[in-house]
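Presented below is the structure to which this report refers.
The values are calculated or read from the model by the stated rules, or taken from the named source; none is laboratory data. The structure presented is a predicted model; accordingly, all values stated were derived computationally and were not measured. No Cβ is skipped: glycine too gets one built from the backbone with ideal geometry, and neighbour counts run over all protein chains shown. Just the protein is used for accessible areas: all its heavy atoms, side chains included, with ligands, DNA and RNA removed. Shrake-Rupley method; radii C 1.70, N 1.55, O 1.52, S 1.80 Å.
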Amino acid sequence: MHFTKTTEQASHYQHLEKMSVQDLLQNINNEDKSVPLAVEKALPQIEILVHEIVAKLNLGGRLFYIGAGTSGRLGIVDASECPPTFGVPFDLVIGIIAGGDAAIRKAVENAEDNPNQAWIDLNAYTLTTNDVVIGIAASGTTPYVIGGLEACNALGISTGCITCNAGSPLALTANFPIEVVVGPEFVTGSSRMKAGTAQKLVLNMLSTATMIQLGKVKGNKMVDMQLSNAKLVDRGTKMIMDETNVDYQTAEHLLLTQGSVRKAVNFYHNKKNT
C-alpha cells in the first residue's frame with residue numbers, strides 16, 4: 001500500500017536560517033493556527049472513540065496509550081494528569097512508551113522498530129476485552145504501535161489511534177481511527193511541532209470528555225481532584241465556598257477533613273439537612 005506522508009513533505013518555508021527571530025515566530029504561529037481547524041475535521045472520529053472508551057471504562061476496563069518518541073511522551077503526559085485532575089486511580093489511564101520509561105527523557109535507539117515489543121509491554125498489565133488501547137503515531141507507520149494494535153485486534157480488544165497522515169497503515173489497523181491531517185511541518189519532518197500539538201489537543205478531548213461522561217466533573221469544576229499542593233487546596237476551598245456559602249476557613253477545614261470537594265460539599269449538605 002502506498003500513501004503520501006504529508007508530515008514528511010517539504011516545509012512551505014525556505015531558508016529558515018536567514019529569517020529574523022520575529023519572522024520565525026510569526027511563521028511558526030501561522031502554521032500552528034491551522035492545527036485546531038484540522039482537529040475540527042476529525043471531531044466525528046473523536047466522538048466515536050470517546051463513546052467506546054466510556055462504554056468500556058463503565059465495564060471496569062482501562063485506557064492505554066502506546067507510542068514512540070514525542071507521541072509516546074504525549075500519551076504519558078495525558079495519562080499522568082488524569083489522577084490529579086479527576087481523582088481516578090493511577091492505573092485507569094496508562095501511558096506506555098517504546099523503550100520504557102528511560103525513553104521519556106532520552107531517545108532509545110530503534111525502540112520503535114520492533115512490531116512485537118508493544119504487546120510485550122502491554123502484556124504486563126493482563127489486558128481484557130474491557131480495555132481500550134490507543135496507538136499514537138504522527139506518521140501512522142511506527143511498527144511498535146501498529147504491531148501493538150494488531151495483537152489487540154486479534155484478541156478482540158478495542159483499538160483506536162491518533163495519526164496525522166490520511167490513509168496510513170495505523171489508521172487502517174485501528175478499530176476507531178482518528179486522522180488529523182496538519183500538513184508539512186515548519187521544519188521539514190519535525191512532527192513534534194504541528195503533529196504533536198494536534199495529538200495533544202485530541203488527547204485533551206479524549207480524556208476530558210471521557211471523565212466528564214464518567215461523572216468526574218460537576219458543573220464545570222474538578223470536584224474529585226487530588227489535593228496535592230497548596231494551589232489545589234486553595235482552588236478546592238473556593239469551590240466549596242461557592243457551593244455552600246461558608247467562609248474560607250470553614251471550607252478549607254471541610255476540604256481537608258473530607259478529602260475532596262465532592263465529599264466536602266456532600267458532607268455539608270447532609271449535615272445541614274439532618
Note on the stretch 169-194: residues touching an Asp or Glu at 6+ places or on another chain (Cβ under 7 Å) and either aromatic (F, W, Y) or outside any loop (DSSP other than H, G, I, E, B) (or both) are A171, T173, F176, F186, K194
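May I ask you to say which residue of A138, A107 is at negative phi, assigned to a loop (DSSP other than H, G, I, E, B) and crowded, with 21+ Cβ neighbours inside 10 Å? Can you show your working first?
Numbers: A107 fails: crowded, with 21+ Cβ neighbours inside 10 Å.
Exactly one of A138, A107 is at negative phi, assigned to a loop (DSSP other than H, G, I, E, B) and crowded, with 21+ Cβ neighbours inside 10 Å, namely A138.
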When restricted to V54, V50, the only residue β-branched (V, I, T), closer than 30 Å to A111 by Cα and in contact with a helix residue (DSSP H, G or I) (Cβ under 9 Å, 6 or more places away or on another chain) is V50
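Can you report the number of residues in the stretch 1-38 which are aromatic (F, W, Y) and touching a Phe, Trp or Tyr at 6+ places or on another chain (Cβ under 7 Å)? First the steps, then the outcome.
Our first condition is that a residue be aromatic (F, W, Y); within the stretch 1-38, this holds for 3, 13.
With touching a Phe, Trp or Tyr at 6+ places or on another chain (Cβ under 7 Å) added as a condition, the list becomes 13.
Adding up the residues that qualify gives 1.
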Filtering the stretch 141-168 down to residues that are aliphatic (A, V, I, L, M) and either more than 18 Å from I96 (Cα to Cα) or not in a helix (DSSP H, G or I) (or both) yields A154, L155, I157, I162, A166
Per the list (1) under 17 Å from the mean Cα position of the chain (by Cα); (2) open to solvent by 10 Å² or more (accessible area, probe 1.4 Å); (3) in contact (Cβ under 8 Å) with a residue 12 or more places away in the chain; (4) under 21 Å from A55 (Cα atoms), residue check on C161 breaks on (2)
*Evaluate the following for I94: is it within 21 Å of G60 (Cβ to Cβ), touching a strand residue (DSSP E or B) at 6+ places or on another chain (Cβ under 7 Å) and either surrounded by 15 or more Cβ atoms within 10 Å (Cβ to Cβ) or not small (G, A, S) (or both)?*
yes
Among residues of the stretch 190-216 being without any contact (Cβ under 8 Å) to a residue 24 or more places away in the chain and either touching a Pro at 6+ places or on another chain (Cβ under 7 Å) or closer than 22 Å to F176 by Cα (or both), the residue most open to solvent (accessible area, probe 1.4 Å) is I212
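Sort through I96, I76 and tell me the only one that's part of a helix (DSSP H, G or I) and either small (G, A, S) or out of contact with any Phe, Trp or Tyr (no Cβ under 6 Å at 6 or more places or on another chain) (or both).
Values: I96 fails: part of a helix (DSSP H, G or I).
Going through I96, I76 in turn, just one is part of a helix (DSSP H, G or I) and either small (G, A, S) or out of contact with any Phe, Trp or Tyr (no Cβ under 6 Å at 6 or more places or on another chain) (or both): I76.
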Scanning the stretch 1-57 for residues that are basic (K, R) and in a helix (DSSP H, G or I), the one least open to solvent (accessible area, probe 1.4 Å) turns out to be K56
S228 vs (1) out of contact with any Gly (no Cβ under 7 Å at 6 or more places or on another chain); (2) without any contact (Cβ under 8 Å) to a residue 60 or more places away in the chain: all pass except (2)
Residue hits (the stretch 110-128; touching a residue at least 12 places away in the same chain (Cβ under 8 Å), open to solvent by 70 Å² or more (accessible area, probe 1.4 Å) and not in a helix (DSSP H, G or I)) are N116, Y125
Determine, yes or no, whether V246 is more than 32 Å from the chain's Cα centre (by Cα) and not in a helix (DSSP H, G or I).
yes
